[in-house]
Amino acid sequence: MDPLGAVLVSLLGLLAGGAMVVALDRGRTLARLRATLDAGPEGNVEAAARAAVEGREIRAWEVRQSRDELSHVVNLIGSGIVRLDDRMVVALANGAAHAFLGRPPGRLVGLSAIEAFGDHRIESIARKAQEVGWASGEVSRTGGQTLIVRARRSPTEGYWLIIEDVSELRRLQRIRAEFIDNLSHELRTPLTNVRLLTETLARDLEGLDVPARIRDGILKIDVESGHLVQMVNELLDLSAIEQGTVPLHLGEVDVGELVRASLERVRLFADRQGVPLESDISADLPAARGDEERLGQLLVNLLHNAIKFSESAAVVIVRAHQDQDRIVMSVEDHGVGIPRPDLARVFERFYKVDKARVRGKGGTGLGLAIVRHVAESHGGRAWVESEEGRGSTFYVELPTSRSI
């Protein structure tokens, strides 16, 4: 359970406890009064009434203590906590909620949802929770403030809203994205020139009697500059995908043709590594719904990864089959495999498996992050199954054109 969920459960437990105290108070008072009247003469009526009143006072004190404890707890929480009653009127709000919503302390209680929040988008999240039981959303407000709002129906009465101010986080994300964009663009031009110069130099040296070490040096410069160009391109791609600035040109994609074209794009690299490539495409496979260019990038990234971590002569197999209204593509290799602790993190940007095990084969750590983003932007998902020392299989699930 996430921390906000745990907080909400605790608050609901406290509130439910208060309601239970009230119910028990009523039941115990009536029971005590009935028992006293049944046990003695009429003279005991006054004593029974006095005992009942004292019991109710004790229970009322317990209820106040419970409510005071609840108020104290919610004010200790850094997230904004707002409780709406069934009429969508604020019944409780902590200090953080007042700060996030720009209200003086103690001014939210008694206001309607729209009066309290001053924003129809936050009110609509609360209204949706009223209809279906829960809702969440991100709201950008004036002044650069960004709030994440989660609403959930209370098991006793009303609704709980948890508000987080993520303005600083979003600001840092924008700074990071701008830095990556600027750095990548500044690097792209000189790197492209270096590659052109090395290609020209290698071509000019053909037919000339030059030492082998010079030819090897030029080849290494070309290879390493190629790696840098790839890193820059992947940084730009991932930054654009994460910011949602890459439009998807959706259409029907022939998966069989997509696999064949992707295999051809990486065949030269596979031949250099001595890795055979095979494909296994189901017959009568329906078209996928997606952007052919982006799906091709996804598949090439998976193939490049599989080839890079395979030993010579270890075959890499691409498969595609239909599973109900989804198409599942997979890339299987028989390389070093992935340790179990790393499986959950391989799709994170910049994450690399133990560098000592794959020395000389590492990449930018961005290829699989791009795979995940492309799959999810198509309404699909990506995952991996692996056994260390025996290889890995990466899967991508996509909707068919018929399922849209």
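Remark: region 173-178, residue by residue, has Karplus-estimated 3J(HN,Hα) of 5, 5, 4, 4, 5, 5 Hz, where x stands for each Gly or Pro and the curve is 6.51 cos²θ - 1.76 cosθ + 1.60 at θ = phi - 60°.
A 1.4 Å probe, protein heavy atoms only, puts the accessible area of residue 178 near 110 Å².
Taking all protein chains as they are arranged and a probe of 1.4 Å, the heavy atoms of residue 249 leave approximately 140 Å² accessible to solvent.
What does the charge add up to near residue 158, with Lys and Arg as +1, Asp and Glu as -1, over the other residues with Cβ less than 9 Å from its Cβ? Don't skip to the end; give the middle numbers.
Details: positive: 83, 87, 153; negative: 85, 86, 157.
Once positives and negatives cancel, what remains is 0.
I'd like the FRET efficiency for residue 142 and residue 169, computed as 1/(1 + (r/R0)^6) with the beta carbon distance as r and R0 of 22 Å, rounded to 0.05.
On the way: r = 18 Å, r/R0 = 0.83.
Efficiency computed from Cβ-Cβ geometry: 0.75.
Taking 0.36 nm per residue of separation and subtracting the Cα-Cα distance, full extension of the segment from residue 343 to residue 201 would add 46.8 nm.
Computed over protein heavy atoms with a 1.4 Å probe, the accessible surface of region 203-262 works out to 63 Å² per residue.
The values are calculated or read from the model by the stated rules, or taken from the named source; none is laboratory data. Computed from a prediction, not measured in an experiment: that's the story for all the values here. Please note: Cβ atoms are built from the backbone with ideal geometry, for glycine as well, and neighbour counts cover all protein chains shown. With ligands, DNA and RNA removed, areas are computed over all heavy atoms of the protein, side chains included. Shrake-Rupley method; radii C 1.70, N 1.55, O 1.52, S 1.80 Å.
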